[in-house]
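K.L.:
Below: one structure in structure tokens.
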There are 2 protein chains.
Amino acid sequence: MTANSTRTDATPLQTPRDVRLACRRGDLTGQTSGLAAGFAQANLVILPESDAVEFSEFCRRNPKPCPLLDVTAPGEFIPRRLASDADLRMDLPRYRVWKDGELIDEPTDICSLWRDDLVAFLIGCSFTFESALQNAGLPVRHVELGCNVPMFRTSVECEPAGKFHGPLVVSMRPFTPSDAIKAVQITSQFPAVHGAPIHLGLPEQLGIRDLNSPDFGDAVPVCADELPVFWACGVTPQTVLMSARPSFAITHAPGCMFVTDVPDVELLVSRRE
Amino acid sequence: MTANSTRTDATPLQTPRDVRLACRRGDLTGQTSGLAAGFAQANLVILPESDAVEFSEFCRRNPKPCPLLDVTAPGEFIPRRLASDADLRMDLPRYRVWKDGELIDEPTDICSLWRDDLVAFLIGCSFTFESALQNAGLPVRHVELGCNVPMFRTSVECEPAGKFHGPLVVSMRPFTPSDAIKAVQITSQFPAVHGAPIHLGLPEQLGIRDLNSPDFGDAVPVCADELPVFWACGVTPQTVLMSARPSFAITHAPGCMFVTDVPDVELLVSRRE
């Protein structure tokens with residue numbers, strides 16, 4: 001389960017706190033996929049307060065790619081609702097620092113960059129629904145192949161908010177028709193982590209010409225008896241961020257998520273009503 | 001809404017009781033589609049007690065094509081749980097009478113055929129979920145075209161029970177991919193009326209070679225930007241009945257359903273848990 005993570009010790013990282021402390025110590029600097037199984041992980045976007053209101057509105061207008069789990073107050077680096085003892089400046093394996101839309105650094109902590117006007121956005125991650133799919137017996141191709149999920153820029157524009165605009169990015173998982181129906185049913189139960197697919201079967205309608213050439217991640221085979229199924233993807237806010245070119249931003253590095261104390265099952269729609 | 005019904009008066013048939021009494025008087029002898037909108041309609045299968053246990057088990061093993069709404073006690077012609085003042089011998093527009101698997105008559109009442117050993121099976125009907133799809137803004141092709149839904153015998157065998165066996169019959173409704181996803185979500189909420197689709201997108205996997213040649217009902221166009229979506233169909237028990245050739249059986253005539261007093265919304269899964 002930890003094959004993709006870069007770690008220098010052999011301690012099992014079974015609890016969310018284990019993972020966060022390994023990050024804080026500098027022992028974990030790679031991917032978090034499969035770690036602390038059963039707990040939700042989150043995408044991270046940090047912006048100055050001056051950009052935060054617009055980005056918040058962008059997320060509200062685009063809940064499928066940008067389902068907000070929590071937003072911190074300016075200067076606050078403890079995401080209390082998701083993990084009361086966490087520190088967003090140190091508890092992710094690796095970060096990306098952006099200046100005017102350009103990637104300038106990939107540090108393993110951001111303590112020296114923290115400012116009193118920074119706002120952290122924690123956005124739901126598909127790992128939660130992938131666990132639910134697997135628990136229901138549905139094979140998730142890229143997990144079985146041990147590679148990253150294939151992701152595609154689409155011809156569908158997100159609803160813009162101020163400077164934040166850009167195309168919807170989708171992730172693709174192939175399923176047989178009957179499994180695709182089950183996948184719709186299962187992921188509909190998890191609106192906080194992208195929810196139901198936005199499309200299936202006819203990729204050309206999304207402006208996707210070649211399933212073998214994803215814009216991000218790795219290509220996976222789609223068999224003749226399968227349909228490609230597309231979900232709104234948490235990479236969307238990152239590409240939107242790059243297009244909007246805010247003066248300063250910090251995100252997680254790809255695959256290096258924030259591990260929360262929230263059990264996956266707590267994100268079921270039935271628990272949230 | 002009543003264009004398909006054969007009626008000799010102009011009384012609006014807005015309540016379930018209106019419809020049933022029009023049948024009882026002999027004023028309504030045609031289809032019930034669109035009548036008493038908002039109330040569930042049911043497929044009817046009547047069998048001697050000697051065949052009823054096996055047929056009941058067949059329905060239990062095949063809940064997608066045969067979702068049982070109610071089963072009466074032997075000799076009982078009032079389906080009290082679905083309509084306390086109804087009489088199953090007179091309150092459907094038209095019946096079919098079967099002897100050894102052969103259709104021998106299509107009467108408008110079955111009073112003279114009723115026996116103390118007859119058991120009535122009332123099986124959920126897709127009219128309920130079609131209303132829900134339309135209420136959600138999804139276009140239902142055959143309703144828009146004013147024709148019958150296309151139905152296909154598949155290569156999928158039902159789970160047999162004693163003499164009752166045969167292929168699953170499916171109905172097909174075309175939708176764009178995003179509407180197909182919504183249709184899965186909506187119909188998943190109605191397990192008592194066939195529930196979620198069983199297949200979509202790849203008809204050849206069901207042994208369906210030509211969507212333009214349905215085995216029952218009427219062909220409808222599937223546009224290039226649409227996927228065919230397949231639901232288990234209430235015609236399945238009728239074809240199974242014909243294959244099993246019980247000595248005696250009565251069913252509703254196609255489209256001439258039993259109109260219950262149960263509001264469609266009462267069949268939502270959330271109301272039944």
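The values are calculated or read from the model by the stated rules, or taken from the named source; none is laboratory data. Quick caveat, the model's predicted, so the values are computed rather than measured. In this analysis, Cβ positions are derived from the backbone assuming ideal geometry, glycine residues included, and neighbour counts consider all displayed protein chains.
K.L.:
How many residues does region A:190-208 hold that are within 20 Å of the chain's Cα centre (by Cα) and in a strand (DSSP E or B)?
P.N.:
The qualifying residues number 1.
K.L.:
Within the set of pairs 6 or more residues apart or between chains, which connect a residue that is more than 23 Å from A:GLU106 (Cβ to Cβ) inside region A:72-92 to a residue that is hydrophobic (A, V, I, L, M, F, W, C) and part of a loop (DSSP other than H, G, I, E, B) with Cβ atoms less than 9 Å apart?
P.N.:
From residues that are more than 23 Å from A:GLU106 (Cβ to Cβ), the pairs are A:GLY75/A:TRP114; A:GLU76/A:LEU88; A:ILE78/A:ALA86; A:ILE78/A:LEU88; A:ARG80/A:ALA86; A:SER84/A:ILE78; A:ASP85/A:ILE78.
K.L.:
Another one. Would region A:217-235 turn up any residue that is assigned to a helix (DSSP H, G or I) and at pLDDT 95 or above?
P.N.:
No, there is no match, as no residue in region A:217-235 is assigned to a helix (DSSP H, G or I) and at pLDDT 95 or above.
K.L.:
For region A:172-185, enumerate the residues that are more than 10 Å from every other protein chain (Cβ to nearest Cβ) and either over 18 Å from A:GLU144 (Cβ atoms) or surrounded by fewer than 23 Cβ atoms within 10 Å (Cβ to Cβ) (or both).
P.N.:
Filtering region A:172-185 for residues more than 10 Å from every other protein chain (Cβ to nearest Cβ) gives A:172-175, A:179.
Hits for region A:172-185 are A:PRO174, A:ASP179.
K.L.:
Any idea which residue in region B:31-74 is nearest to B:HIS252 (Cα to Cα), counting only those that are surrounded by fewer than 16 Cβ atoms within 10 Å (Cβ to Cβ) and of a type in the set (Asp, Glu)?
P.N.:
Of everything passing the filter in region B:31-74, B:GLU49 is nearest to B:HIS252 (Cα to Cα).
K.L.:
Any residue in region A:227-247 that is within 14 Å of another protein chain (Cβ to nearest Cβ) and free of Cβ contacts under 8 Å to residues at least 40 places away in the same chain? Working first, answer last.
P.N.:
Step one: list which residues in region A:227-247 are within 14 Å of another protein chain (Cβ to nearest Cβ), which gives A:227-232.
Next, from what is left, pick out any that are free of Cβ contacts under 8 Å to residues at least 40 places away in the same chain: none.
Looking through region A:227-247, none of the residues is within 14 Å of another protein chain (Cβ to nearest Cβ) and free of Cβ contacts under 8 Å to residues at least 40 places away in the same chain.
K.L.:
Hey, can you tell me all the residues within region B:193-202 that are more than 7 Å from chain A (Cβ to nearest Cβ) and surrounded by fewer than 23 Cβ atoms within 10 Å (Cβ to Cβ)?
P.N.:
The one that is more than 7 Å from chain A (Cβ to nearest Cβ) and surrounded by fewer than 23 Cβ atoms within 10 Å (Cβ to Cβ): B:GLY195.
K.L.:
Suppose we filter A:LEU206, A:LEU202 for residues that are closer than 22 Å to B:ALA224 by Cβ and in contact with a Ser or Thr (Cβ under 6 Å, 6 or more places away or on another chain); which single one remains?
P.N.:
Numbers: A:LEU202 fails: in contact with a Ser or Thr (Cβ under 6 Å, 6 or more places away or on another chain).
Matching residue, one of A:LEU206, A:LEU202: A:LEU206.
K.L.:
Tell me which of these A:LEU82 doesn't satisfy, since it passes every other one: (1) in contact with an Asp or Glu (Cβ under 7 Å, 6 or more places away or on another chain); (2) surrounded by fewer than 20 Cβ atoms within 10 Å (Cβ to Cβ).
P.N.:
All conditions pass for A:LEU82, except number (2).
K.L.:
Scanning region B:114-150 for residues that are surrounded by 18 or more Cβ atoms within 10 Å (Cβ to Cβ) and among the charged types (D, E, K, R), which turns out farthest from B:ASN212 (Cα to Cα)?
P.N.:
Ranking the qualifying residues of region B:114-150, first place goes to B:GLU130.
K.L.:
A further question on this structure: In this structure, is A:ARG209 surrounded by fewer than 20 Cβ atoms within 10 Å (Cβ to Cβ), more than 10 Å from chain B (Cβ to nearest Cβ) and not polar (S, T, N, Q)?
P.N.:
For A:ARG209, the condition - surrounded by fewer than 20 Cβ atoms within 10 Å (Cβ to Cβ), more than 10 Å from chain B (Cβ to nearest Cβ) and not polar (S, T, N, Q) - is met.
K.L.:
Next question, about the same structure. Does B:CYS111 satisfy the criteria of being out of contact with any His (no Cβ under 8 Å at 6 or more places or on another chain), surrounded by fewer than 23 Cβ atoms within 10 Å (Cβ to Cβ) and modelled with pLDDT of 95 or more?
P.N.:
It is true that B:CYS111 is out of contact with any His (no Cβ under 8 Å at 6 or more places or on another chain), surrounded by fewer than 23 Cβ atoms within 10 Å (Cβ to Cβ) and modelled with pLDDT of 95 or more.
K.L.:
Follow-up question, since we're still on this one. Scan A:ARG89, A:ARG141, A:ARG94, A:ARG80 and give me the residue that is away from chain B (no Cβ under 14 Å), in contact with a Pro (Cβ under 9 Å, 6 or more places away or on another chain), over 18 Å from A:MET242 (Cβ atoms) and among the basic types (Lys, Arg).
P.N.:
One residue alone meets the criteria, A:ARG141.
K.L.:
Residues in region B:7-19: is at least one modelled with pLDDT of 95 or more, touching a strand residue (DSSP E or B) at 6+ places or on another chain (Cβ under 7 Å), within 30 Å of B:GLU144 (Cβ to Cβ) and surrounded by 15 or more Cβ atoms within 10 Å (Cβ to Cβ)?
P.N.:
yes
K.L.:
Does region B:235-257 contain at least one residue that is of a type in the set (S, T, N, Q), within 20 Å of B:ALA83 (Cα to Cα) and either assigned by TED's automatic domain parsing to the domain that holds B:PHE77 or crowded, with 21+ Cβ neighbours inside 10 Å (or both)? Spell out how you get there, then give the answer.
P.N.:
As a first pass, look at region B:235-257 and keep what is of a type in the set (S, T, N, Q): B:236, B:238-239, B:243, B:247, B:251.
Add one more test, that the residue is within 20 Å of B:ALA83 (Cα to Cα), and what stays is B:251.
Then keep just the ones that are either assigned by TED's automatic domain parsing to the domain that holds B:PHE77 or crowded, with 21+ Cβ neighbours inside 10 Å (or both); that gives B:251.
Yes: one or more hits.
Residue-by-condition table, conditions (1) in contact with an Asp or Glu (Cβ under 9 Å, 6 or more places away or on another chain); (2) without any contact (Cβ under 8 Å) to a residue 60 or more places away in the chain:
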{"site": "A:ARG173", "(1), (2)": "yes, yes"}
{"site": "A:THR176", "(1), (2)": "yes, yes"}
{"site": "A:ASP179", "(1), (2)": "yes, yes"}
{"site": "A:LYS182", "(1), (2)": "no, yes"}
{"site": "A:GLN185", "(1), (2)": "no, yes"}
{"site": "A:SER188", "(1), (2)": "no, no"}
{"site": "A:GLY195", "(1), (2)": "no, no"}
{"site": "A:LEU202", "(1), (2)": "yes, yes"}
{"site": "A:ARG209", "(1), (2)": "no, yes"}
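Residues checked against (1) at pLDDT 90 or above; (2) over 14 Å from the mean Cα position of the chain (by Cα); (3) closer than 18 Å to B:THR260 by Cα:
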residue	(1), (2), (3)
B:THR29	yes, yes, yes
B:GLY38	yes, yes, yes
B:ARG60	yes, yes, no
B:ASP70	yes, no, yes
B:PRO79	yes, yes, yes
